[in-house]
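The values are calculated or read from the model by the stated rules, or taken from the named source; none is laboratory data. Only a predicted model underlies this, so the values are computations on that prediction, with no experimental measurement involved. Neighbour counts are summed over all protein chains in view; Cβ atoms, including those assigned to glycine, are modelled from backbone coordinates with ideal geometry. SASA here: full protein model, heavy atoms, side chains in, ligands and nucleic acids out. Shrake-Rupley method; radii C 1.70, N 1.55, O 1.52, S 1.80 Å.
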Amino acid sequence: MKFLFKYMLLCSVALATLSSCVESQDFGQYDEIEVTPTLEASMLYVEAPESMINEAPSNYVFSQNFNFDAFSYDEFSERVLDGSVTYVIENTTSKPLDITIEFLDEQDNVLGPVDTFEIPATPSGEQQYIVYYGDAGYSIDIIKNTSSIRVTAVNRGDNSSISVEADPKVTIKSSAKFRVRLK
Amino acid sequence: MSLRRILSFGLVWMGFFVYGQNKQLVYDFVEIPQSAMVNPGVETDFQWYAGVPLLSGISLQAGSSGISVDDIFADDGLDINDKIRDRAINGMNPRDELSGTFQVEFLNFGFRGRNPAHFFTGGIYLEGDAIGYWFKDYAILGFEGNADKLNQRFDLGHFKTRGELVNVFHFGVNKRIDSDLTIGGRAKVYSSIFDFNSTKNRGYFVTREGENNLLVSTLQADMALRTSGLNAIKDAYDEGNTAATVTKRAFLGGNLGLGFDFGLTYHLNEQTVFTASLLDLGFIYHTGDVRNFTLNGSSTIEGIEVVLPDAASDPNTDFWEDLVDEVEEFVPFEENGDSYVSFRPTKLYASLRYNFGETIRGRGYCECGPDPGAAANRNRYVNSVGGQLYAINRPRGPQTALSAFYQRRFGHLLALKATYTVDKFSLTNLGLGVNLQAGPVNFYVVADNLLAYRNLAASQYTSFQLGLNIISWGPR
């Protein structure tokens, strides 16, 4: 009887081991995993006082290229899917301004359409513009190939008046928000 | 899916979803010679034993406190990305522990000394040990990014991991002090094959509303990753001599360390026994092939800032490069080869056992002579019941487990041990161990969390251990 008990126990253990199972798994789902975070950060801040506008020899207040390699790193440019650039422009000077933002490639060629924002004189408050890239906007290739950004400010008013605001100036704030594919 | 991908995925999964091995089934299972490896002060009656090389002790444990393979890869028609988001990213927390241990014995032997109260053990085994905590905030950043998460701090301290592959040379002595007390100690020399650890990271990344520009990004980091041996193995892999390099490093050609085990068995009365052991109280000093990486500092940026007209005074100014240089200056990513010390994951076991039922005559050879207490050969009871405690030192503090057990002996042929274990990972962990003694041949197999065998993929914890030994109890 004792032997019978022993061997029954052994058989039970063996059966338990052999009867272990794994429910149906589909490891092919690995290929369907999508890792597409959306990253956001400030891009460029430009500030120019009214005195600079008044002192400009022509109505071109400034036009300057800023090297901007953030978009051209392979880790970004090869993975970016879509997104947007937000501009917030505030003009507390006494004259209206045209602000033009151009994205340039390594040879300083202008990429895609040029955005010109017409900013009224003070008191105009903050003007916000959102430019989309990808399926819902401009070609994402503009971003992928951007090596520098050119900002141009043109004075559409006089060059002698002085704003009543304290510390009159034009400020251009911008941030980028893009979705990238990590997998 | 390619074989390489499957292997890589399997290794990653195993590496992250196994956790430190609690050998509650082998602990104090005195019929198994390997019980001396978890308590050097175990009460043993062998004259000698020898493990079959590579087969005397194989153990592997796999589990996860937060998620199972089935949670992600079940063929259930749900979108895998939703499952990852709900069950991993949002379902796990930074205390979820993902770690593990495996051991393979190359050599294991034991023999009784001239003084029969002394029993010596020795051998060599390979041990891999790794732990990683769920890097929750990194996962959120990776899957969702930082957009629309103003003021949310991403904790860099969530990256906390360590791991190693080490060959251990050990020799110990077990001494029966009297009929009630047996103590034991073991010295270990560690030969590290590779090691990595990154356990004291602090800092955060946060995006807030900017002061000048729209957003301000702040990175404050105090992070370090220390490694040894990995570079040598990578170079060896490139040169096609990985096996030779690993073997050399395993046999005292790597970084060396020293450790000790201690243990005791004490009979509180005829039927009640207390045991305890402290294992791997030791360290490894890493001096060779060390590569450490640090990221230390603080930086706050709002993108490129151009304040005219001053900024236009130098037409050659590269604002972007200035920004990058500033970040690199304030949060430098550096590399060094400084030596470091790593401490072994120390383990603590304790048990209280009550024996009852019929007794079985002890098998030990007894030339008791004038000092019968020194070589007492106790009878054993067919039944034992009791409780065990296990604790292991981990980067986020001790991890503990409590087990209740019942042990049944069937003569000298067969012994069974069943356990029920509770820890932070499982409340339904039932284990069973079988020790079979056929003449001098000893075979044992133990398995944990048996209920999970109904669907292994859904298991968060699975382990087994087996071994083959030759045992002698001396002349009869």
Wholly inside region B:257-351, strands (runs of 3 or more DSSP E) that include 3 or more residues that are away from chain A (no Cβ under 14 Å) and either free of Cβ contacts under 8 Å to residues at least 60 places away in the same chain or among the acidic types (Asp, Glu) (or both) are B:333-336
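Check whether at least one residue in region B:102-122 is at positive phi and either surrounded by 18 or more Cβ atoms within 10 Å (Cβ to Cβ) or at pLDDT 90 or above (or both), and report yes or no.
Scanning region B:102-122 turns up no residue that is at positive phi and either surrounded by 18 or more Cβ atoms within 10 Å (Cβ to Cβ) or at pLDDT 90 or above (or both).
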- Task: Would you check if there is a residue in region B:73-92 being more than 14 Å from chain A (Cβ to nearest Cβ), modelled with pLDDT under 85, closer than 22 Å to B:TRP134 by Cα and open to solvent by less than 50 Å² (accessible area, probe 1.4 Å)?
- Result: no
Looking across region A:33-67 at residues that are open to solvent by 60 Å² or more (accessible area, probe 1.4 Å) and facing chain B (nearest Cβ under 7 Å), the single one that is farthest from A:VAL88 (Cα to Cα) is A:GLU34
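Consider A:SER94 carefully, then state whether it is closer than 24 Å to B:ALA311 by Cβ, among the small types (Gly, Ala, Ser), open to solvent by 30 Å² or more (accessible area, probe 1.4 Å) and away from every other protein chain (no Cβ under 12 Å).
Numbers: closer than 24 Å to B:ALA311 by Cβ: yes; among the small types (Gly, Ala, Ser): yes; open to solvent by 30 Å² or more (accessible area, probe 1.4 Å): yes; away from every other protein chain (no Cβ under 12 Å): yes.
It is true that A:SER94 is closer than 24 Å to B:ALA311 by Cβ, among the small types (Gly, Ala, Ser), open to solvent by 30 Å² or more (accessible area, probe 1.4 Å) and away from every other protein chain (no Cβ under 12 Å).
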Within region B:219-229, the count of residues that are open to solvent by less than 10 Å² (accessible area, probe 1.4 Å) and within 18 Å of B:GLY303 (Cβ to Cβ) comes to 0
Practice task
Report whether or not A:GLY112 is at positive phi and not in a strand (DSSP E or B).
Solution key: yes
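Taking the options B:VAL273, B:VAL206, B:VAL246, name whichever one is over 20 Å from B:GLY157 (Cα atoms) and open to solvent by less than 20 Å² (accessible area, probe 1.4 Å). Spell out how you get there, then give the answer.
On the way: B:VAL206 fails: over 20 Å from B:GLY157 (Cα atoms); B:VAL246 fails: open to solvent by less than 20 Å² (accessible area, probe 1.4 Å).
Unique residue meeting the criteria: B:VAL273.
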Out of (1) more than 28 Å from B:GLU43 (Cα to Cα); (2) in a strand (DSSP E or B); (3) at pLDDT 90 or above, the one B:GLY142 does not meet is (2)
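Per-residue answers, yes or no, for (1) touching an Asp or Glu at 6+ places or on another chain (Cβ under 8 Å); (2) in a strand (DSSP E or B); (3) modelled with pLDDT of 90 or more; (4) open to solvent by 40 Å² or more (accessible area, probe 1.4 Å):
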| residue | (1), (2), (3), (4) |
| --- | --- |
| A:ILE89 | yes, yes, yes, no |
| A:ILE101 | yes, yes, yes, no |
| A:ILE130 | no, yes, yes, yes |
| A:ASP135 | yes, no, no, yes |
Going through region B:434-461 in order, the residues found to be within 11 Å of another protein chain (Cβ to nearest Cβ), at pLDDT 90 or above and more than 21 Å from the chain's Cα centre (by Cα) are B:VAL434, B:LEU436
Suppose the filter is out of contact with any helix residue (DSSP H, G or I) (no Cβ under 9 Å at 6 or more places or on another chain) and more than 14 Å from every other protein chain (Cβ to nearest Cβ); does B:SER198 pass it? yes
Checked region A:137-170 for anything among the hydrophobic types (A, V, I, L, M, F, W, C) and either under 14 Å from the mean Cα position of the chain (by Cα) or closer than 19 Å to A:TYR45 by Cα (or both); matches are A:ILE140, A:ILE142, A:ILE143, A:ILE149, A:VAL151, A:ALA153, A:VAL154, A:VAL170
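Looking only at residues in region B:407-416 that are assigned to a strand (DSSP E or B) and within 12 Å of chain A (Cβ to nearest Cβ), which one is most open to solvent (accessible area, probe 1.4 Å)?
Restricting to residues being assigned to a strand (DSSP E or B) and within 12 Å of chain A (Cβ to nearest Cβ), the top hit is B:ARG408.
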Every listed condition ((1) within 30 Å of B:PRO40 (Cα to Cα); (2) assigned to a helix (DSSP H, G or I); (3) free of Cβ contacts under 8 Å to residues at least 40 places away in the same chain) holds for B:ALA250 save (3)
* State yes or no: is A:SER174 open to solvent by less than 20 Å² (accessible area, probe 1.4 Å) and either modelled with pLDDT under 90 or in contact with a His (Cβ under 9 Å, 6 or more places away or on another chain) (or both)? => no
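Looking at B:THR218, B:THR227, which one is polar (S, T, N, Q), over 23 Å from the mean Cα position of the chain (by Cα) and assigned to a strand (DSSP E or B)? Walk me through how you get there before you give the answer.
Values: B:THR227 fails: over 23 Å from the mean Cα position of the chain (by Cα).
Residue meeting the stated conditions: B:THR218.
For B:THR428, are the conditions met, namely being touching a helix residue (DSSP H, G or I) at 6+ places or on another chain (Cβ under 6 Å) and either on the phi > 0 side of the Ramachandran plot or polar (S, T, N, Q) (or both)? Write out each step before concluding.
Working: touching a helix residue (DSSP H, G or I) at 6+ places or on another chain (Cβ under 6 Å): yes; either on the phi > 0 side of the Ramachandran plot or polar (S, T, N, Q) (or both): yes.
Yes.
Matching residues to (1) open to solvent by less than 50 Å² (accessible area, probe 1.4 Å); (2) in contact with a strand residue (DSSP E or B) (Cβ under 6 Å, 6 or more places away or on another chain):
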{"residue": "B:GLN399", "(1), (2)": "yes, yes"}
{"residue": "B:SER403", "(1), (2)": "yes, yes"}
{"residue": "B:TYR420", "(1), (2)": "no, yes"}
{"residue": "B:LYS424", "(1), (2)": "no, no"}
{"residue": "B:GLY433", "(1), (2)": "yes, yes"}
{"residue": "B:PRO440", "(1), (2)": "no, yes"}
{"residue": "B:PHE443", "(1), (2)": "no, yes"}
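Among the residues of region B:160-195, what is the count of those that are in contact with a helix residue (DSSP H, G or I) (Cβ under 6 Å, 6 or more places away or on another chain) and surrounded by fewer than 18 Cβ atoms within 10 Å (Cβ to Cβ)? So that I can check it myself, show each step before the final result.
Taking region B:160-195 and keeping what is in contact with a helix residue (DSSP H, G or I) (Cβ under 6 Å, 6 or more places away or on another chain), we get B:167, B:178-179, B:191, B:193-194.
Going one step further and asking which of them are surrounded by fewer than 18 Cβ atoms within 10 Å (Cβ to Cβ), we end up with B:178-179.
The total comes to 2.
Suppose we filter B:ARG162, B:ARG95, B:ARG85 for residues that are under 21 Å from the mean Cα position of the chain (by Cα), outside any loop (DSSP other than H, G, I, E, B) and farther than 30 Å from B:LEU468 by Cα; which single one remains? Steps first, please.
On the way: B:ARG95 fails: outside any loop (DSSP other than H, G, I, E, B); B:ARG85 fails: under 21 Å from the mean Cα position of the chain (by Cα).
Of the residues listed, the single one that is under 21 Å from the mean Cα position of the chain (by Cα), outside any loop (DSSP other than H, G, I, E, B) and farther than 30 Å from B:LEU468 by Cα is B:ARG162.
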Restricted to region B:322-341 and to residues being over 21 Å from B:ASP195 (Cα atoms) and within 37 Å of the chain's Cα centre (by Cα), the residue least open to solvent (accessible area, probe 1.4 Å) is B:VAL331
